[in-house]
Amino acid sequence: KIAFKSDRSPSPNGGIWVVNADGTGLVLLTNTPGFANAKPTWSPDGTKIAFHSNRDGLISSIYLMNADGSGVTRLTNALPISDSTAEWSPDGTRMIFETNTGIGIINLDGTGRAQIGGGRFPSWSPDGAKIIFASLSSGYHIYTMKPDGTDIAQLTFGAPNDQYPSYSPDGKKIVFARNTSGTIGLWTMNADGSNQVIFTGTNTIGNGYSDWQRAPNTRVGTLSSLRIDEAVITYSD
């Protein structure tokens, strides 16, 4: 399934929908006319969806629901601070999100809310050990930090504005959008910030919010057996 936000009726201000990967089975999960719902993100096990909504009429907060739209619960509530753009930790126990004052983190039971730094577009490393984000300092640049906000490291420098970072599934590469004199290209770099390379033909406008594909499992060998003393171990791959 694919979860997405749409302004289509009957939720013209923004509803969360799901559709099967083949385009069938379109279903509205959030029917709250007059209020916005956006940025759905799946839990690692695919059973829940997080999103942000202003349905209380005061602030934007992070909400959770089951994959079928049932069981909606409010995760964050920090009036007058608004929260948006959540992302699950790889182990599914915590959430990072943007606020109008910086980057927040919270446990999935609603405890342990903290602001761990300034910046925007936070995203987890695949092992959950780091958070990558963009922060404004003579233009936006890419940084990493630990989930407790310590060990901040700057990866990009100079005049361009760098935003929308995302790790590769193995954690060795980072993709991000770089604005150079009004044109925005997609770039990659190593996880330590070295070897920054632009994707040919992407230095145009409007690029951003890139994300790496997780490739499906593929067979890497044929049926084989190994004999060790009295035991025979057979591997399918």
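Kindly check whether there is at least one residue in region 213-235 that is surrounded by fewer than 16 Cβ atoms within 10 Å (Cβ to Cβ), small (Gly, Ala, Ser), at pLDDT 80 or above and not in a strand (DSSP E or B).
Restricting attention to region 213-235, the residues satisfying the condition of being surrounded by fewer than 16 Cβ atoms within 10 Å (Cβ to Cβ) are 213-235.
After this cut, where a residue has to be small (Gly, Ala, Ser) as well, the list is 215, 221, 224-225, 231.
Filter once more, so that each one left must be at pLDDT 80 or above: 231.
Those left that are additionally not in a strand (DSSP E or B): none.
No: region 213-235 contains no residue that is surrounded by fewer than 16 Cβ atoms within 10 Å (Cβ to Cβ), small (Gly, Ala, Ser), at pLDDT 80 or above and not in a strand (DSSP E or B).
Count, please, the residues in region 46-63 that happen to be touching a residue at least 40 places away in the same chain (Cβ under 8 Å) and among the aliphatic types (A, V, I, L, M).
Residues in region 46-63 being touching a residue at least 40 places away in the same chain (Cβ under 8 Å) and among the aliphatic types (A, V, I, L, M): 3 in total.
Let's see how each residue does on (1) open to solvent by 40 Å² or more (accessible area, probe 1.4 Å); (2) farther than 17 Å from GLY57 by Cβ; (3) outside any loop (DSSP other than H, G, I, E, B):
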| site | (1), (2), (3) |
| --- | --- |
| LYS5 | yes, yes, yes |
| SER9 | yes, yes, no |
| PRO12 | yes, no, no |
| ASP22 | yes, yes, no |
| ASN31 | yes, no, no |
| PHE35 | yes, no, no |
| THR41 | no, yes, yes |
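Answer yes if at least one residue in region 67-81 is assigned to a loop (DSSP other than H, G, I, E, B), in contact with a Phe, Trp or Tyr (Cβ under 6 Å, 6 or more places away or on another chain) and without any contact (Cβ under 8 Å) to a residue 24 or more places away in the chain, and no otherwise.
no
The values are calculated or read from the model by the stated rules, or taken from the named source; none is laboratory data. Remember, it's a predicted structure, so these values are computed and weren't measured experimentally. Quick reminder, even Gly has a Cβ in these numbers, built from the backbone with ideal geometry, and neighbours come from all protein chains shown. Just the protein is used for accessible areas: all its heavy atoms, side chains included, with ligands, DNA and RNA removed. Shrake-Rupley method; radii C 1.70, N 1.55, O 1.52, S 1.80 Å.
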